[in-house]
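Taking it in order: structure first as structure tokens, then the write-up.
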């Protein structure tokens with residue numbers, strides 16, 4: 001009998017699921033590591049961006065606060081120099097009509113005062129303040145601390161500081177270039193004294209435009225000035241003015257004849273005119289008239305049309 005050989009030892013292959021599990025585990029570990037790396041980077045990026053935004057916000061806030069402070073200062077300066085520059089101006093409709101020469105029945109009065117400032121200008125300003133009336137002061141060039149203070153009061157209290165030439169010299173009309181230089185000299189002086197960046201550019205010819213000539217009238221307009229004569233005279237321009245009662249009636253009756261009245265006064269020089277002003281203002285205010293200071297873009301009566 002042939003003897004049989006013992007069976008060979010056979011090693012079975014590892015199950016497939018064990019191999020797959022090992023590979024999956026490695027992949028999971030790699031995925032976790034990748035996720036951890038990405039999360040770390042994202043966190044670093046987010047923190048850096050937040051820091052940038054916080055820094056930017058701080059800078060922007062500081063800039064905004066600086067801007068607000070600057071704007072507030074500018075607004076205060078504007079209101080100081082021109083209190084009428086406010087929103088919701090109750091006189092906006094009247095002013096619009098003056099700009100378009102739509103003045104029928106408007107009942108507006110411009111009180112104008114020529115040749116100052118003098119030592120009496122403060123009295124005129126006090127009186128106007130009492131009645132809350134704004135006027136227009138056609139000044140010439142006056143030096144000295146008192147005059148300088150009056151230039152500033154005129155502006156600071158909301159009146160119009162206007163130009164009546166430096167010298168009030170009629171002979172300048174014979175040489176237009178000298179005439180323009182004389183006007184500019186006062187303009188520069190007023191800006192220096194008051195700190196204004198630009199004056200009103202409202203002008204009155206000494207003696208009125210009829211005493212000038214067409215060359216000067218055309219030239220002053222070409223240089224950006226708006227000039228005004230008058231259509232109501234107080235009658236105080238002479239050496240011996242009438243009593244205050246007569247001056248008051250001159251003004252009141254004259255204003256009754258016009259929708260827009262430009263009243264010529266020399267109250268800074270004439271005691272009778274200063275005494276007449278309360279009667280003039282009270283009477284015409286009671287009759288529904290509006291007193292305004294002049295502005296460059298209003299339409300005014302002129303004796304010499306160009």
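Search the range 138-152 for residues being in contact (Cβ under 8 Å) with a residue 40 or more places away in the chain and in contact with a helix residue (DSSP H, G or I) (Cβ under 9 Å, 6 or more places away or on another chain), and hand back the single one that is nearest to residue 185 (Cα to Cα). Give the derivation first.
Here is the first cut: in the range 138-152, the ones in contact (Cβ under 8 Å) with a residue 40 or more places away in the chain are 138-141, 148, 151-152.
From what is left, the residues that are in contact with a helix residue (DSSP H, G or I) (Cβ under 9 Å, 6 or more places away or on another chain) are 139-141, 148, 151-152.
Numbers: 139: 12, 140: 10, 141: 9, 148: 15, 151: 15, 152: 17 Å.
If we take residues in the range 138-152 being in contact (Cβ under 8 Å) with a residue 40 or more places away in the chain and in contact with a helix residue (DSSP H, G or I) (Cβ under 9 Å, 6 or more places away or on another chain), then 141 is nearest to residue 185 (Cα to Cα).
If only one of 236, 182 is farther than 23 Å from residue 96 by Cβ, in contact (Cβ under 8 Å) with a residue 12 or more places away in the chain and crowded, with 22+ Cβ neighbours inside 10 Å, which one is it? Walk me through how you get there before you give the answer.
Working: 182 fails: crowded, with 22+ Cβ neighbours inside 10 Å.
Exactly one residue qualifies, and that residue is 236.
Do you know which of the residues in the range 227-240 that are over 32 Å from the mean Cα position of the chain (by Cα) and at pLDDT 95 or above is nearest to residue 282 (Cα to Cα)? I'd like the intermediate steps shown before the answer.
First, pick out the residues of the range 227-240 that are over 32 Å from the mean Cα position of the chain (by Cα): 234-240.
Subset that is at pLDDT 95 or above: 234-236.
On the way: 234: 16, 235: 19, 236: 20 Å.
Here the answer is 234.
The values are calculated or read from the model by the stated rules, or taken from the named source; none is laboratory data. Here the structure is a predicted model, which is why all the values come from computation and not from measurement. FYI the Cβ positions are ideal-geometry reconstructions off the backbone, even for glycines, and counts take in every protein chain you see.
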